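The values are calculated or read from the model by the stated rules, or taken from the named source; none is laboratory data. This one's a predicted model, so the numbers in the text were calculated from it and none came from an experiment. Ideal geometry is used to build each Cβ from the backbone, glycine not excepted, and the neighbour counts take in all protein chains shown. All accessible areas refer to the heavy atoms of the entire protein, side chains included, with ligands and DNA or RNA removed. Shrake-Rupley method; radii C 1.70, N 1.55, O 1.52, S 1.80 Å.
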Amino acid sequence: MSYVPPAELARAMVDAGQSKVLMSTRDTLIRAYMAGAILALGAAFAITITVQTGNALLGALLFPVGFCLLYLLGFDLLTGVFTMVPIAYLDKRPGVTIGAMLRNWGLVFVGNFLGAFTVAVFITFVLTYGYSIPPDAVGERLGEIGEARTLGYAEHGAAGMMTLFLRGVLCNWMVSTGVVAAMMSKSVPGKVIVMWMPVLLFFYMGFEHSVVNMFLFPSGLLLGGDFSIGDYLVWNEIPTVLGNMVGGIVFVGLALYTTHVRTQPKRQVVEPTEAVSAA
């Protein structure tokens, strides 16, 4: 059958988490690099569509192209390993330790950033003919996004920081739902459909994805955006990473693992005659 039941899905998630931890350093970095690059191209594509058509929904509808491609090619995003690796640790899989988990997260972070930054350099170079002319409308929009989603949060202080963090939580709640839901199907169309829906939701709602931001904010800085590297790290990337981690672990990984792997015994049905006897 093409449909994988939730109990089998949860076990497959644990297997995937263990597999990612045991992967070689070389393969982890390559897969993370390619994931960051492809997702960044998807983001650039979506922003271009939005600017040229004036329709943000259309851009959001097309953004999942990159996400689906990187998943089908077996590449890894930080948001995905945040979800699957911890449950492999909870399941006490051989080789999955706290140190091994942090190593995996660190390597995927580095790979994702390098891939996204590479695309940021390529795209900004193309938009400005080697930084020799002012950016076009798409380039201007990239600079505006970087400013609005750093200094815009900073203007609200602690409330802005909490808003940023919660947008990171909501983002990976949706993104990781797409990642694991794709494992419910054994067909390419089925995987694409279930990934497309939650990823469309996160992008259109303006939630914060740490890897997408690895492209957006360096692009904005390269194009002369009015914010600093410190603004990017403090008022976006670091809180977003933490929010993505909480969203993926708590609302996706732990939720599915707890109810479909560590399932509680079913309640016993008491027959009427037994109830009378007990009374």
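Counting just the residues of segment 197-227 that are in a loop (DSSP other than H, G, I, E, B) and open to solvent by 50 Å² or more (accessible area, probe 1.4 Å), which one comes out nearest to L39 (Cα to Cα)? Don't jump to the end; show me each part of the working.
Start the filter on segment 197-227 by keeping residues that are in a loop (DSSP other than H, G, I, E, B), which leaves 206-209, 223-227.
Right, trim to open to solvent by 50 Å² or more (accessible area, probe 1.4 Å) and you get 224, 226.
Details: G224: 23, D226: 24 Å.
Per the stated criteria, the residue is G224.
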From the options V194, V252, residue that is open to solvent by less than 30 Å² (accessible area, probe 1.4 Å) and either in a helix (DSSP H, G or I) or more than 25 Å from N55 (Cβ to Cβ) (or both): V252
Residues being closer than 18 Å to S176 by Cα and in contact with a Lys or Arg (Cβ under 7 Å, 6 or more places away or on another chain) - total across segment 207-242: 2
Matching residues in segment 64-96 - criterion: being of a type in the set (G, A, S) and open to solvent by 20 Å² or more (accessible area, probe 1.4 Å): G74, G95
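Results for (1) surrounded by fewer than 22 Cβ atoms within 10 Å (Cβ to Cβ); (2) within 21 Å of C171 (Cα to Cα); (3) more than 18 Å from the chain's Cα centre (by Cα), shown as yes or no for each residue.
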position: S2; (1), (2), (3): yes, no, yes
position: Q18; (1), (2), (3): yes, no, yes
position: D27; (1), (2), (3): yes, no, yes
position: I30; (1), (2), (3): yes, no, no
position: A35; (1), (2), (3): no, yes, no
Residue that is least open to solvent (accessible area, probe 1.4 Å) [pool: residues in segment 255-279 that are part of a helix (DSSP H, G or I) and modelled with pLDDT under 90]: A275
Among the residues listed as G168, G146, G111, the single one being at pLDDT below 95, open to solvent by less than 70 Å² (accessible area, probe 1.4 Å) and touching a Ser or Thr at 6+ places or on another chain (Cβ under 9 Å): G146
Which numbered condition C68 misses (of (1) more than 19 Å from M245 (Cβ to Cβ); (2) in a helix (DSSP H, G or I); (3) out of contact with any helix residue (DSSP H, G or I) (no Cβ under 8 Å at 6 or more places or on another chain)): (3)
